[in-house]
Amino acid sequence: MAKIVIDGNEIEVPDHYTLLQACEAAGAEVPRFCFHERLSIAGNCRMCLVEVKGGPPKPQASCAVGVRDCRPGPNGEPPEVLTKSAMVKKAREGVMEFLLINHPLDCPICDQGGECDLQDQAMAYGINKDRFVENKRAVVDKYIGPLVRTKMTRCIHCTRCVRFTTEIAGISELGLLGRGEDAQISTYMEKALTSELQGNVIDLCPVGALTSRPYQDTARPWELNKTESIDVMDAVGSNIRVDARGREVMRIMPRLNEAVNEEWISDKTRFVWDGLRTQRLDQPYVRKNGKLLAAGWNEAFEAIKTKIADIKPARIGAIAGDLSSVEDMFALKSLMGMIGSKNFDCREPGNVTDPANGRASYLFNTTIDGIEESDALLIIGSDPRIEASILNARIRKRSKKGDYPIGVVGEVSDLRYNYTSLGAEAGIVKDLLSGKNKFVSKLKRAKKPMIIIGQSALNRSDSEALLKNAAELAVQVKAVSKDWNGFNVLQMAASRVGGLDIGFVPPAGGNATAAIMESSDLTFLLGADELDMSSLKGFVVYIGTHGDRGAHRADVILPASTYTEKSGIYVNTEGRVQMGNRAAFAPGDAKEDWAIIRALSAALDNALPFNSLGQLRDLVFAEYPHLAQFDSIDKSDIADITALASKTGKITKQPLTSAVKDFYLTNPIARASRVMAECSALARDQGGELMDAAE
């Protein structure tokens, strides 16, 4: 720790702090454009100038000067920094005047208007006259893809975008070309960026040089109602802010949560919002003479009631989809109990994760934040870059610190960091266990090794054996101990952990997903679209939001609400309980899923014991108390991993492949999005050009 005096106030700060951080710790406001806490220091903009007493007789860039670099006073007094002196005021005004020399007067038409750092700081540090008469320079706009719109004449060369794409996203596709008046940010060879995190440069850009292309010219920030919620595009549970105008979602932004997504979100999370309004189901439908015809709620319920009357409970099943909330699944489970059926499941066909094996057997036990504590990593059957982009960025963050061996069993792909490809065959896990593969020695030398098991390892014929061997390997390399649980299952569906937590899996005598599809005479699909509908037999009731695969196969459609149109509880891959909030209302006659299920139970003459969302949650919390502890993780038991390691089974030679083939089209909302379709097509075109980072 070091003592320093800021504007007359003496404080103590870590000696590795920059002066800017020290000033913030003292409560002093220091403007900046290029500095960002998560990026390397560039010192480009010079807006953060301060006066350092005893230092050079000129203002200093506080972001580039460390506290330890400041000289003490003649008698050993702590160094003194001034942020409000006349010298500092004049210097900042000069820098602002310099920045505005070439900046265009685009404020009335700029999408950044109302939330622009340059606007805000020009109000505080700008002057009311212009001394320059020369023509402003102009820069040709660059095409960098369908997501980020460029207006490079507005660029102030802070290089935040360059540093983000290089350091966080792991692509070196943006750079600063030229010098002086000819300097400009560019991709050099003009082409689209390939990162799944590129949209974050929109938030980082302090001016209107990089804005959202899909959002352009649609709304002003002061017109929007802002709602804090949770993302469901993957199982990471990124914290988001949904901005809506009237009934329409206009954009999705990240929220700060250091333990989950820091302040980043994936491009699918950010740009999927146009899919919320297209191909929507806004009224019930009933299939008659082979055609789906619009119907009323009573008619739809009557069709289901008539069909159920002729079917034995053992021939009725229910499958929950990837985007379902805990309340919706609990309501559907209660409905199946009322009907008398044990056939319900929230897993994909063949998936072997089971709450009977203990909560630790299906969670990312290290936690996302805990990745930074690990010192070795083995990935089995997963491509975290497309299955959980934000989590993959956290792995890259740890990898950049050095001394972090990473081994991958599975497909070779560009993960945006260096790794050792151990082979694609699942039998490699057996070789690691027996010591035949040398990478195991790196895991054994590590103090906190980590193993990640992906979904492609969990829905195979040998998945139980593969999971058992992975657990045994975790125990052998001491990835599981009293103070550290490095055994991690990376889920991909936002609903999966919540469904497993409430036991939305078949009890003894019940059918799992594959058997439900093949043998049920009536099946409820709760937003379940990621299935092979050709193998689905019998009468199908689809409760969902979009005219996707499930709706095409359905005999009765009951229109539901998307995640932005309802309040719901979601449990992310690490077991963190989070609450999503309603930002808009569903179109037409669409209702919230739990309300549809409650109304259906009443139509079946056996109403479920709740009449409101609050009453439903009371039932959930009474049965599963840990779900009432929001933004916390109920600690798992490492004994679950030890027990899992004791099981038996034989691994086949079948290679492990990624469970996700297209990052942009993984759910009905994404498939309804025009922006996601454009990104998908572009990714396919550029697929052959991606750099292979495997050793």
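Measuring from each cysteine beta-carbon in the chain, the ones with no other cysteine beta-carbon under 4.7 angstrom are Cys23, Cys48, Cys63, Cys70, Cys107, Cys110, Cys116, Cys155, Cys161, Cys205, Cys346, Cys679.
Using the empirical formula 2.2 N^0.38 Å as the baseline, the Cα radius of gyration of the stretch 135-234 reaches a ratio of 1.16.
Our Cα-only numbers for the stretch 257-313 put the radius of gyration and Dmax at 20.0, 55 Å. Distance from the alpha carbon centroid of the stretch 220-289 to that of the stretch 525-581 works out to 16 angstrom. The portion of the accessible surface of the chain made up by carbon and sulfur, rounded to a whole percent, is 50 (1.4 Å probe; DNA, RNA and ligands excluded).
Sequentially through the stretch 553-562, phi angles give Karplus couplings (6.51, -1.76, 1.60; θ = phi - 60°) of 8, 6, 9, 9, 10, 10, x, 10, 9, 7 Hz, Gly and Pro residues having no value and appearing as x. Leu682 contributes an accessible area of around 40 Å² to the protein surface, as traced by a 1.4 Å probe with all chains present. Here the Debye sum runs over all C-alpha atoms of the stretch 558-648 as equal scatterers in vacuum, and log10 of I(q)/I(0) at q = 0.16, 0.17 Å⁻¹ comes out as -0.81, -0.87.
Normalising by residue count, the chain has a Cα convex hull of 176 Å³ per residue.
Residue order by solvent-accessible surface for Asp120, Asp548 is Asp120, Asp548, largest first, with ligands and nucleic acids left out and a 1.4 Å probe. Each principal axis of the stretch 619-658 carries a Cα extent, and these read 45, 27, 19 Å when sorted largest first.
Couplings 3J(HN,Hα) for the stretch 59-65, derived from phi with the Karplus relation 6.51 cos²θ - 1.76 cosθ + 1.60 (θ = phi - 60°), are x, 10, 6, 5, 6, 10, 10 Hz, where x marks Gly and Pro.
Among the aspartates and glutamates, which fall within straight-line cross-link reach of Lys312, defined as a Cα-Cα distance under 19 Å, with same-chain neighbours fewer than 8 residues apart omitted? Leaving aside aspartates and glutamates fewer than 8 places away in the same chain, those within reach of Lys312 are Glu302, Asp345, Glu518, Asp521, Asp555, Asp605. Of the listed residues Glu167, Glu387, the order by accessible area with a 1.4 Å probe, largest first, is Glu167, Glu387. Its Cα gyration tensor gives the stretch 635-687 an equivalent ellipsoid. The semi-axes, each the square root of 5 times an eigenvalue, are 38, 18, 9 Å from largest down. Report, in whole Å, the centroid distance computed from the Cα atoms of the stretch 587-630 and the stretch 137-200. Value for the Cα centre distance between the two parts: 48 Å. Every helix of 4 or more DSSP H residues in the chain counts as -39500 (n - 2.57), and over all residues that averages to -7000 deg cm²/dmol at 222 nm. Counting only lysines at least 8 places from Lys447 when in the same chain, those with an alpha carbon closer than 17 Å to its own are Lys401, Lys478, Lys482. Normalised per residue, the accessible area of the chain is 41 Å², obtained with a 1.4 Å probe and no contribution from ligands, DNA or RNA.
Here the contact order of the chain, divided by its residue count and restricted to Cα pairs under 8 Å and six or more residues apart, works out to 15 percent. Of Ser421, Ser186, the order by accessible heavy-atom surface (1.4 Å probe, DNA, RNA and ligands excluded), from most exposed downward, is Ser421, Ser186. If the Kirkwood radius is taken over C-alpha pairs of the stretch 474-522, then at 4 °C and 1.567 mPa s the Stokes-Einstein diffusion coefficient equals 93 µm²/s. Near Leu432: Cβ cut-off under 13 Å, other residues only, Lys/Arg at +1 and Asp/Glu at -1. The net charge is +2. In percent, how large is the relative contact order of the stretch 530-679, given Cα pairs closer than 8 Å and 6 or more residues apart? About 17 percent, as a whole number.
Comparing Cα centroids, the stretch 1-66 and the stretch 342-411 end up 39 angstrom apart.
Take the cross-link list Lys53/Lys400; Lys268/Lys444; Lys342/Lys468 and give me the ones stretching past 29 Å between alpha-carbons.
Where the Cα-Cα span goes over 29 Å, the pairs concerned are Lys53/Lys400; Lys268/Lys444.
Note that the stretch 261-409, at 25 °C in a medium of 0.890 mPa s, gets a Stokes-Einstein diffusion coefficient of 122 µm²/s from its Kirkwood radius over C-alpha pairs. Once backbone amide H atoms are built at 1.01 Å from N, Tyr419 has Glu695 as its partners under 5 Å, excluding neighbours fewer than 5 places away on the same chain. D for the stretch 1-101, whole µm²/s, Stokes-Einstein with Kirkwood Rh over alpha-carbon pairs at 25 °C and 0.890 mPa s: what number? In µm²/s, the coefficient rounds to 180. The phi-based Karplus calculation (6.51 cos²θ - 1.76 cosθ + 1.60; θ = phi - 60°) puts the 3J(HN,Hα) values of the stretch 40-55 at 5, 7, 9, x, 7, 7, 6, 6, 8, 5, 9, 9, 10, 5, x, x Hz, whole numbers, x for Gly and Pro.
The values are calculated or read from the model by the stated rules, or taken from the named source; none is laboratory data. For clarity, every value in this text was computed on a predicted model and none was experimentally measured. With ideal geometry, Cβ positions are generated from the backbone for all residues, glycine too; neighbour counts draw on all protein chains shown. Remember, those area values only see protein heavy atoms, side chains included, never the ligands or the DNA or RNA. Shrake-Rupley method; radii C 1.70, N 1.55, O 1.52, S 1.80 Å.
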